[in-house]
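Student: Got a structure for you, written out below as structure tokens; questions coming shortly.
The values are calculated or read from the model by the stated rules, or taken from the named source; none is laboratory data. The shown structure was predicted, so the numbers you read here are calculated from the model rather than taken from an experiment. As a convention, Cβ positions derive from the backbone with ideal geometry for all residues, glycine included, and neighbour counts pool all protein chains shown. Heavy atoms of the whole protein, side chains included, go into the accessibility calculation; ligands, DNA and RNA do not. Shrake-Rupley method; radii C 1.70, N 1.55, O 1.52, S 1.80 Å.
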Number of protein chains: 4
Amino acid sequence: MTTEPIMDIAHLGHLELLTPRFAESANFFINVMGMTESGRARDSLYLRGWDDYERYTLKLTASKTSGLGHVAYRTRSPQALERRAAALKGSGFDVGWTDGDLGHGKTFVCRDPDGHAVELYYETEWYAPPPDKKPALKNQAQRYPARGVNVRRLDHWNGLAVDIKANREFFENFLGFRLTEQIVLNDGSEAAMWMTATNKSYDFAYTRDHTGTKGRFHHVTYALDSREDVLRAADIFLENGVFIETGPHKHAIQQTFFLYVYEPGGNRVEVANAGARLILAPDWKPIRWTEAERAKGQAWGLKTIESFHTHGTPPVEKHGHG
Amino acid sequence: MTTEPIMDIAHLGHLELLTPRFAESANFFINVMGMTESGRARDSLYLRGWDDYERYTLKLTASKTSGLGHVAYRTRSPQALERRAAALKGSGFDVGWTDGDLGHGKTFVCRDPDGHAVELYYETEWYAPPPDKKPALKNQAQRYPARGVNVRRLDHWNGLAVDIKANREFFENFLGFRLTEQIVLNDGSEAAMWMTATNKSYDFAYTRDHTGTKGRFHHVTYALDSREDVLRAADIFLENGVFIETGPHKHAIQQTFFLYVYEPGGNRVEVANAGARLILAPDWKPIRWTEAERAKGQAWGLKTIESFHTHGTPPVEKHGHG
Amino acid sequence: MTTEPIMDIAHLGHLELLTPRFAESANFFINVMGMTESGRARDSLYLRGWDDYERYTLKLTASKTSGLGHVAYRTRSPQALERRAAALKGSGFDVGWTDGDLGHGKTFVCRDPDGHAVELYYETEWYAPPPDKKPALKNQAQRYPARGVNVRRLDHWNGLAVDIKANREFFENFLGFRLTEQIVLNDGSEAAMWMTATNKSYDFAYTRDHTGTKGRFHHVTYALDSREDVLRAADIFLENGVFIETGPHKHAIQQTFFLYVYEPGGNRVEVANAGARLILAPDWKPIRWTEAERAKGQAWGLKTIESFHTHGTPPVEKHGHG
Amino acid sequence: MTTEPIMDIAHLGHLELLTPRFAESANFFINVMGMTESGRARDSLYLRGWDDYERYTLKLTASKTSGLGHVAYRTRSPQALERRAAALKGSGFDVGWTDGDLGHGKTFVCRDPDGHAVELYYETEWYAPPPDKKPALKNQAQRYPARGVNVRRLDHWNGLAVDIKANREFFENFLGFRLTEQIVLNDGSEAAMWMTATNKSYDFAYTRDHTGTKGRFHHVTYALDSREDVLRAADIFLENGVFIETGPHKHAIQQTFFLYVYEPGGNRVEVANAGARLILAPDWKPIRWTEAERAKGQAWGLKTIESFHTHGTPPVEKHGHG
């Protein structure tokens, strides 16, 4: 019998996204994406999709540049948080405990091998809608806004990393994430990975950064209910002058129906839909994609756009990619 | 700190459904529902949706009557299976070990307080498609059949039970299922419960059997990708002379977009879609619906059809319901 | 060879709807339905869907009661308008010429046998969007609002009438509308009719008024792009406390995917979708539905709700229906 | 007052498509597209979508090469057919009368300036479904097949032509088609046109043939009910190894949601959806697209694929395109 899996991470909790154009980014997330403001601090705005059960899933922070502030995962129990902290202590990846932030309690901070700031917490504040945002059905977190793209909930995020394998082992060993799909190049090196702690087929993905820069951000994704919603989102982005990078189309990898845009701060944002697809098998066998398979492009033949491999935030001065 | 949750059940594995009209039922599941035959035994046919990762999720068995043969849940690990067996041993609910069936290994059998046969197993056979059923994308279990309703995967099932509370406590304490929603009547008695072991908002539901008969079956549900697929299914059922009991409409409880039909053997079958809705919170607070709320009908106002409260399988000679 | 068809009416142009709750009705059409204000007069608000090419398709007028002010059809040419006026002159149905109204030129007014005011015009003002409503694609009348239900364009309306046959003959003979479907009762009397001047399967329908009152209004319908949009509309009506009378479901007659609500003034409003269905045959053979067929209910089995036969505007004091 | 429009053409009736791989093409249209065989002659198979009211809309003919056999339009009345024949007689475009073909009566044949064979007819055979293809709802031509892509009805076709302006004037003056959109290059020459005789925004389109070859074929399009159906079609084409040239995506011109594939004989086939979009205005003002606008690509930014400008049938030995 093999060792039993670590089940301590419950799900992706929130991201802090940095933007050099704070007001425009805030307008994008509220009026185009249809998100709701649920908190404000000095330089930050806290935002949520209408089905996010926690107070917020996006912390938007004014900054000199774009990119990721930090990413936070909620643990399954207080004990699970302590176990992960204990495992990380002295590993060289650990940063230490903080008191938390608006909406969540004590937090253990670490850095993945690429340097992305990763926070773990258990205590959280459930969203309590004010009267004008109370939903008609009480099993729903918030009233459907019927404004803009109406994103439902945080789905996953994608980081760039220099060493995919090192990151994979970090998330497997210290946090118990399971690999569901990956790209392995002809030379045996790993070029991308999709990992999950839930029944979603991924809670995050890491892709190799061709610039060799550590800790960058590729995109954050909010879920919509249907592919039709993603198509409508494309119409709405078009009407609002939002730059559409690629899509809507279906990824071969993970079969996600995707649409990528850039928010005014330069960060890539995705709206996507996975249909009824779930990973239910507790012993899922990771799907390995080869260079040749990846060269085929997306599911229905769309070639992967060049900028998808090069555009990350914060921007890098100069780089050779290939 | 509270006790940590039991995480030993991975997901609903399959159901055995009894039918007194075997050939017609088989034709319904294959040609109308669009399922694939993946095994045959003396009196049974094994069937699957195109996205089910295991060899089958439905065992259809010729019988004198309709109803449930048994339901099977897969555990998260071999150790988890042993732990659940150990917990059940001597509880009065345990039946004992078997060698398993086509497609899965050793199995621990028990009976819930209502007498439904519940099987637990870990070792399973992953579906291996023959050449003409190989999918174009290798992260998919089987080629999309493009026939009939094209059901994707087993989603949940619904049992009838005389004592809901006793069953809830059984599934919570012995198997670690979590309650997500329930109906509690004015007299404080529980009338229905929805429980999950995954991020789906329910893997099964139990509803009070107004006839006072134990162990009956209400329906089995297969998932479709979108509400549009459910609407199209209604068209296909209509064209095939399948009796549509109610729907498509949206449940207030769980917000599932539902459509109920009767298969030729008399068992109720549902096709449904939950959109992007998932229960991610590890500490989800169960939603309690009152009699008054339930009387409002479904989400958009459809009154719950009377037969929904009375039709179960196998049929009961006579009953007073209300 | 039979006589050639009259081709003089181009399409349904607009409706004037009366409301005793003007402010609430205006809020409903603008903020819930997602329509745009495109004109204002003393007691009237002019409203449009984002794909309506004329300046408006709904004139909402404050009144002591609810119901229809008038309905207007645009002719295919100036000559066609003159021909219809000439045909009606002296028929007993003619009222006479007016100078028109905001947005359209000279108008010939008549009354159908039931007394509904019917206006015919050719000269019209095309909608010219202000800068903030300019669409991204220049083959679209107005920017997609991304607010509320986002109705696309006026589709059809439904009147109540005491004598269906007399009205059918009026619209066939004087205006050249073609009958596409009808209900004929066992006694041979006509109970409902669907007529068109376009490739849509109906531009209007008339249903027998069981109260015996003349000239009443049953509903006005705005088109949405997909059945998914109609389902989403149901969610939005629910969230806004709008009374949903029946649907979403599919009509057997005309196969429209429907959803009926009451606007605050009491008038019934429908949002609907016909998919890709068009009547292309110039010699379409009307579909005749019998009492027995009608008793089956809607396409997927939903029983027709009682109020659908009784609720019309303006309300009638007392009535016997059957 | 301007002259009144010619209203003599009712709609696109059918196409004859030539294929050098008859058996494979037949299999594609029946099993992948989900069409129904409704007739057979020596070298031809007659095919239909489930909502086509006439006996067939596609005549597939074995040939040495691919391309268009002929295209047929149905007139609005017998008189309309005579009027169009009279107008064409002696024009140099007329070929003469024939007795018709399977499913339709006497036919007037002409050739457009580019040499495409164009047939006009009025008498037609309505499809009479055999018992196993009778629909559940009697206002539907045929039972929904629930097989493959399930195309609904013929929507439009696209020809290649050397001189767009000459063809536009031919279809306007002799047949009364109306121009709804066009591409006009910087030098003032016309590069593409979309024309209609119905409320659809186009019944056919002609695009400039860069090889300078006359009479070639670009694609034929069948309508689906929703964008979701088009996406599902992409999945089905992928599973069946059908070459997907481009899409699904939304055209800027006409806003059609498109998906292009090649059938085994080499002809391009489209499945598409126009939502609720109709051209209702009898005096629609043609939308003129410039070179600069066309260079922007499709609605959501997809670049127009090179082969879309070069691939036509039958193939041309050598060509310079640009």
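Student: Straight-line reach from D:LYS214: which lysines have a Cα under 21 Å away, not including same-chain ones fewer than 8 places off?
Tutor: Result set, ordered by chain and number: D:LYS64, D:LYS165, D:LYS318.
Student: Using amide H atoms built 1.01 Å from N in the peptide plane, name the residues 5+ places from A:GLY100, or on other chains, whose amide H lies under 5 Å from its own.
Tutor: Those lying under 5 Å, H to H, from A:GLY100 are A:THR107.
Student: Tell me, what % of the accessible area of segment A:175-301 is carbon and sulfur with a 1.4 angstrom probe?
Tutor: Numbers: 1680 of 3190 Å².
The nonpolar share, carbon plus sulfur, comes to 53 percent.
Student: Name the most mobile residue of C:GLY188, C:GLY275, C:GLY176, meaning the one with the largest mean-square fluctuation, in a Gaussian network model of chain C with Cα contacts below 10 Å.
Tutor: For chain C, modelled as a Gaussian network with Cα springs under 10 Å, the answer is C:GLY188.
Student: Then there is this: Where the label is 7 Å out from Cα toward Cβ, how close does A:GLU172 come to the same position in every other copy, in nm, shortest first?
Tutor: From this label point to the equivalent ones elsewhere in the assembly: 3.8, 6.8, 7.7 nm.
Student: Through the Karplus equation 6.51 cos²θ - 1.76 cosθ + 1.60, θ set to phi - 60°, convert the phi angles of segment B:46-63 into ³J(HN,Hα) values in whole Hz; use x for Gly and Pro.
Tutor: 9, 10, 8, x, 5, 9, 5, 7, 7, 4, 8, 10, 9, 10, 9, 10, 5, 7
Student: How many angstrom separate the Cα center of segment C:97-141 from the Cα center of segment A:1-55?
Tutor: 47
Student: Let me ask something additional. Is the shape of chain C best called rounded, prolate or oblate, per the rule: a/c under 1.5 gives rounded, else a/b larger than b/c gives prolate, else oblate, with a ≥ b ≥ c the square roots of the Cα gyration tensor eigenvalues?
Tutor: In terms of gyration-tensor shape, rounded.
Student: Over the heavy atoms of C:PHE177, what accessible area does a 1.4 Å probe trace out, to the nearest 10 Å²?
Tutor: Only protein atoms counted, so the area is about 10 Å².
Student: Hey, any idea what the orientation-averaged projected area of the convex hull of segment C:43-94's Cα atoms comes to, in nm²?
Tutor: 5.4
Student: Rg(Cα) of the protein assembly as shown divided by 2.2 N^0.38 Å?
Tutor: 0.94
Student: Now for a different question. So which of C:LYS134/D:LYS200; A:LYS250/A:LYS303; C:LYS138/D:LYS250; A:LYS250/A:LYS296; B:LYS133/D:LYS134 end up more than 21 Å apart, counting from Cα to Cα?
Tutor: Numbers: C:LYS134/D:LYS200 23 Å; A:LYS250/A:LYS303 11 Å; C:LYS138/D:LYS250 14 Å; A:LYS250/A:LYS296 13 Å; B:LYS133/D:LYS134 30 Å.
Table pairs above 21 Å Cα-Cα are C:LYS134/D:LYS200; B:LYS133/D:LYS134.
Student: Can you work out the Karplus-derived ³J(HN,Hα) for every residue in segment D:223-237? Use 6.51 cos²θ - 1.76 cosθ + 1.60 with θ = phi - 60°, whole Hz, and x for glycine or proline.
Tutor: 8, 10, 6, 8, 4, 4, 5, 5, 5, 5, 4, 4, 4, 6, 4
Student: I'd like the distance between the alpha-carbon centres of segment A:161-225 and segment A:251-322, rounded to an integer number of Å.
Tutor: Here the answer is 11 Å between Cα centres.
Student: Quick one: net charge around B:THR221, please, counting Lys, Arg +1 and Asp, Glu -1 for every other residue with C-beta under 12 Å from its C-beta.
Tutor: +1
Student: Just to confirm the numbers: D:ALA295, label point 7 angstrom along the Cα-Cβ line, distances to the other copies in nm, shortest first?
Tutor: Values, ascending and in nm: 3.2, 7.0, 7.0.
Student: Here's something else I'd like to know. Taking only protein heavy atoms into account and a 1.4 Å probe, give the accessible area per residue of segment C:6-164 in Å².
Tutor: Normalised by residue count, the accessible surface of segment C:6-164 is 34 Å².
Student: Here is a follow-up. Please identify which residues in segment D:2-26 have an amide N closer than 14 Å to a label point set 7 Å out from the Cα of D:LYS64, following the Cα→Cβ vector.
Tutor: Inside the label zone: D:19-20.
Student: Residues with beta-carbon under 10 Å from that of B:ASN158, excluding B:ASN158: net charge, scoring Lys, Arg +1 and Asp, Glu -1?
Tutor: Values: positive: B:ARG268; negative: B:GLU270.
Cβ neighbours under 10 Å give a net charge of 0.
Student: Indicate, rounded to the nearest 5 percent, the antiparallel portion of the DSSP beta bridges found entirely in the protein assembly as shown.
Tutor: 70
Student: A further question follows. Would you work out the charge dipole size for segment D:77-171 about its Cα centre, treating the Cβ of every Lys and Arg as +1 and the Cβ of every Asp and Glu as -1, and quote it to the nearest 20 debye?
Tutor: The dipole magnitude comes to about 560 debye.
Student: What nm distances, shortest first, do you get from the label point of D:GLY96 to those in the other copies when the point sits 7 angstrom along Cα to Cβ?
Tutor: Nearest to farthest, the other copies are at 6.1, 9.3, 10.0 nm.
Student: How about A:LYS59: which lysines have a C-alpha closer than 19 Å to its C-alpha, ignoring those fewer than 8 places off in the same chain?
Tutor: A:LYS106
Student: Sticking with this one: Using only alpha carbon positions, build the gyration tensor of segment A:1-92, then give the equivalent ellipsoid semi-axes as the square roots of 5 times its eigenvalues, largest first, whole angstrom.
Tutor: 32, 16, 11
Student: Taking chain A as a Gaussian network, Cα atoms linked when under 10 Å apart, which of A:HIS70, A:HIS14, A:HIS219 shows the biggest mean-square fluctuation?
Tutor: Result for chain A, Cα springs under 10 Å: A:HIS70 fluctuates most.
Student: Another question, if that's okay. Name the residue, out of D:GLU169, D:GLU228, D:GLU263, whose mean-square fluctuation peaks in a Gaussian network model built on chain D with Cα pairs under 10 Å.
Tutor: Comparing D:GLU169, D:GLU228, D:GLU263 in the GNM, the peak value goes to D:GLU228.
Student: Additional query: In nm, give the distance between the simple-model label positions of C:LYS165 and D:ARG42, each being 7 Å from the Cα along the Cα-to-Cβ direction.
Tutor: The modelled label-to-label distance comes out at 5.4 nm.
Student: Rounded to the nearest whole Å², what accessible area per residue is found for segment A:218-322 with the 1.4 Å probe?
Tutor: 34
Student: If each DSSP helix of 4+ residues adds -39,500 (n - 2.57) and the sum is divided by the residues in chain B, what number results at 222 nm, nearest 500 deg cm²/dmol? Display every interim value, and only then the final one.
Tutor: Values: 6 runs with 51 residues, N = 322.
It comes out at -4500 deg cm²/dmol, rounded to the nearest 500.
Student: Mind putting a number on the dipole of the protein assembly as shown about its Cα centre? Charges go on the C-beta only, +1 for Lys and Arg and -1 for Asp and Glu, and I need it in Debye to the nearest 20.
Tutor: 0
Student: Ordered by residue, what ³J(HN,Hα) values in Hz, to whole numbers, does segment C:180-192 give under the Karplus form 6.51 cos²θ - 1.76 cosθ + 1.60, where θ = phi - 60° and Gly and Pro are x?
Tutor: Per-residue couplings from phi come out as 10, 9, 7, 10, 10, 6, 4, 7, x, 7, 8, 10, 6 Hz.
Student: Taking the Cα centre of chain C as the origin and placing charges on Cβ (Lys, Arg +1; Asp, Glu -1), which of C:HIS116, C:SER307, C:ASN240 is farthest toward the positive end of the dipole?
Tutor: About the Cα centre, the residue reaching furthest to the positive side is C:ASN240.
Student: Stretch B:THR290-B:ALA128 to full length: gain in nm at 0.36 nm per residue minus the Cα-Cα span?
Tutor: Working: separation 162, 0.36 × 162 = 58.32 nm, distance 4.64 nm.
Result for the pair: 53.7 nm of gain on full extension.
Student: Then there's this: Please report the residue of chain C with the smallest beta-carbon distance to the C-to-A rotation axis, and give that distance in Å, no decimals.
Tutor: C:GLU228, 2
Student: While we're looking at this one, here's another question. Determine the order of C:LYS106, A:LYS296 by accessible area, beginning with the largest, at a probe radius of 1.4 Å.
Tutor: A:LYS296, C:LYS106
Student: If you take every residue apart from A:TYR56 with its C-beta less than 14 Å away from the C-beta of A:TYR56, what net charge results, scoring Lys and Arg +1 and Asp and Glu -1?
Tutor: Within the 14 Å Cβ shell, the charges total -1.
Student: In debye, nearest 20: dipole of chain C around its Cα centre with unit charges on the Cβ of K, R (+) and D, E (-)?
Tutor: 360
Student: Could you give the nm distance between label points at B:THR310 and A:THR98, where each point is 7 Å from its Cα heading toward the beta carbon?
Tutor: 6.2
Student: Within straight cross-link reach of B:LYS89, meaning Cα distance under 14 Å, which aspartates and glutamates are found once same-chain residues fewer than 8 apart are removed?
Tutor: Within reach: B:ASP112, B:GLU119.
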